[in-house]
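Here's the structure, in structure tokens; my notes come after.
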Amino acid sequence: MSQVKYVERRNTDSTKWDAQTAMFGEEGLLPLWVADMDFQVPSCVMEALSAYVSRGVFGYHRIPDSYYQAFINWEKQYHSYEVQKEWIRFSPGVVSAFNWITQFMTKPEDAVIVLTPVYYPFLHAVKNNNRHLITSDLVNTDGVYTIDFEDFEQKIVENHVTLFILCSPHNPAGRVWTRRELQTLFDICRKHHVFVISDEIHQDLTFDSHTHIPSFCAGSYDDMMITVTAPSKTFNLAGCQNSVILIPDEKLRRKWDEFVTCIRIQNGNVFGYMAAEAAYSEGRKWFEEVKEIIYGNYLFVKDSFAKTLPEVVVSPLEGTYLCWFDMKAYVKPEEMKDFMQKKCHIALDYGDWFGGERFASFVRMNLATSKENVEKAVNAIIAGCQTA
């Protein structure tokens, strides 16, 4: 019997379903944009939260050792990473975390580099904190993205870069970086005294034979890096606002602790801790079933376009649950938004959000939903292109 249940979320105050105006200027689109799932969380999470709610007392909460141990066990079992409890810190989200780290590891006007196209809050974190954004474009070969290491290093040197924000696995390109790729990036950063934030929120969402390598496991980089991750993508817990910050280096932990002491955000909400502990302890079977649904949706997108719109370039889904594809053969970049919203009535993330107009022919589709929703969207795109 399936452990995964699709939930109708419209009219539930869902950002994805009920708050489209800010991003799209209208409501009522079929939403395949913001990266959360339309699936009910694992039953173990609901049971843990229900038991807590039934007590009816919501006072101050001591974080139990079992919370830390659940995460430590998960990392060891599924990522071969031996995490120590004293390395673990809290933030209400990975976006908050990499904004905070940007603030205490760099100075105003410092240069920060990212690999574009990239998750747009990376770009916002640099600009909103009055840092200088430097971009190194990934090399796109028929939808497969690789790193231009020469360009990356040249940009670092020319702009005196002090911070690199890495997305691993990469959103939106869907790449799971190899150990060699990570080592090359980090060796360049060490050579030029560049600090690294490694956003690994999609660490569990890898497919086929691809394996996520935790950045700290790529080599001896503890003194130049902080990793941020969370159970939110893995188990659909974004609303619980509980992220895990990993800082093996003692000096860096002191920097983190001094910063969060000043802003008084050192611990999170009890519901987030309970949800995360339950999910990491007992949610694996649910997660494996969700992965099958996601990959099935990807194959449907890929195969449907290959049969009907063969010049749509769909990037291979090595990791994340986000499908990135190039529509330039069928839709002019400047007409992409009207095409998707007015003609197809769907909400996708637009390519230019991920680094500028050079990506405007791309869109990103969230696959963590029912196959029916993905079929509706793909069929609408096919019909829109065939009647253009």
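The values are calculated or read from the model by the stated rules, or taken from the named source; none is laboratory data. Quantities reported herein were computed from a predicted structural model and do not represent experimental measurements. When we count neighbours, we look across all protein chains shown, and the Cβ atoms used for this are built from the backbone with ideal geometry, even at glycine. Just the protein is used for accessible areas: all its heavy atoms, side chains included, with ligands, DNA and RNA removed. Shrake-Rupley method; radii C 1.70, N 1.55, O 1.52, S 1.80 Å.
Any idea which of Thr206, Thr227, Thr234 is under 16 Å from the mean Cα position of the chain (by Cα), closer than 30 Å to Phe271 by Cβ and open to solvent by 10 Å² or more (accessible area, probe 1.4 Å)?
Thr206
Condition (residue is of a type in the set (S, T, N, Q) and touching a Pro at 6+ places or on another chain (Cβ under 6 Å)) applied to segment 122-144: is it met by at least one residue?
Yes, segment 122-144 has at least one match.
What are the residue pairs meeting all of these: first residue in segment 365-388, first residue of a type in the set (Lys, Arg), second residue crowded, with 18+ Cβ neighbours inside 10 Å and in a helix (DSSP H, G or I), Cβ atoms under 7 Å, and 6 or more apart or on different chains?
Listed pairs, sorted by first residue: Lys371/Asn297.
Just to be sure I understand the filter: pairs with C-beta atoms under 7 Å, separated by 6 or more residues or on different chains, first member in segment 61-82 and over 23 Å from Thr211 (Cα atoms), second member surrounded by fewer than 19 Cβ atoms within 10 Å (Cβ to Cβ) and among the charged types (D, E, K, R). Which pairs pass?
Listed by first residue and then by second, the contacts come to Tyr68/Lys85.
Quick check on this structure: which one of Lys127, Lys85, Lys76, Lys107 is under 20 Å from the mean Cα position of the chain (by Cα) and of a type in the set (Lys, Arg)?
Of Lys127, Lys85, Lys76, Lys107, the one residue that is under 20 Å from the mean Cα position of the chain (by Cα) and of a type in the set (Lys, Arg) is Lys127.
Can you tell me which residue in segment 353-383 is least open to solvent (accessible area, probe 1.4 Å), limited to those that are over 23 Å from the mean Cα position of the chain (by Cα) and farther than 17 Å from Val314 by Cβ?
Across segment 353-383, the extreme among qualifying residues is Ala383.
Residues of segment 267-305 being open to solvent by less than 30 Å² (accessible area, probe 1.4 Å), more than 20 Å from the chain's Cα centre (by Cα) and among the polar types (S, T, N, Q), which ones?
Hit for segment 267-305 is Ser304, nothing else.
Given the conditions (1) open to solvent by 40 Å² or more (accessible area, probe 1.4 Å); (2) polar (S, T, N, Q); (3) more than 26 Å from Asp142 (Cα to Cα), report the number of the one that Thr178 does not fulfil.
Of the numbered conditions (1) open to solvent by 40 Å² or more (accessible area, probe 1.4 Å); (2) polar (S, T, N, Q); (3) more than 26 Å from Asp142 (Cα to Cα), the odd one out for Thr178 is (3).
Any idea which of Ser198, Ser209 is of a type in the set (Ser, Thr, Tyr) and part of a loop (DSSP other than H, G, I, E, B)? Talk me through it step by step, then tell me what you get.
On the way: Ser198 fails: part of a loop (DSSP other than H, G, I, E, B).
Selected residue: Ser209, the only one of Ser198, Ser209 that is of a type in the set (Ser, Thr, Tyr) and part of a loop (DSSP other than H, G, I, E, B).
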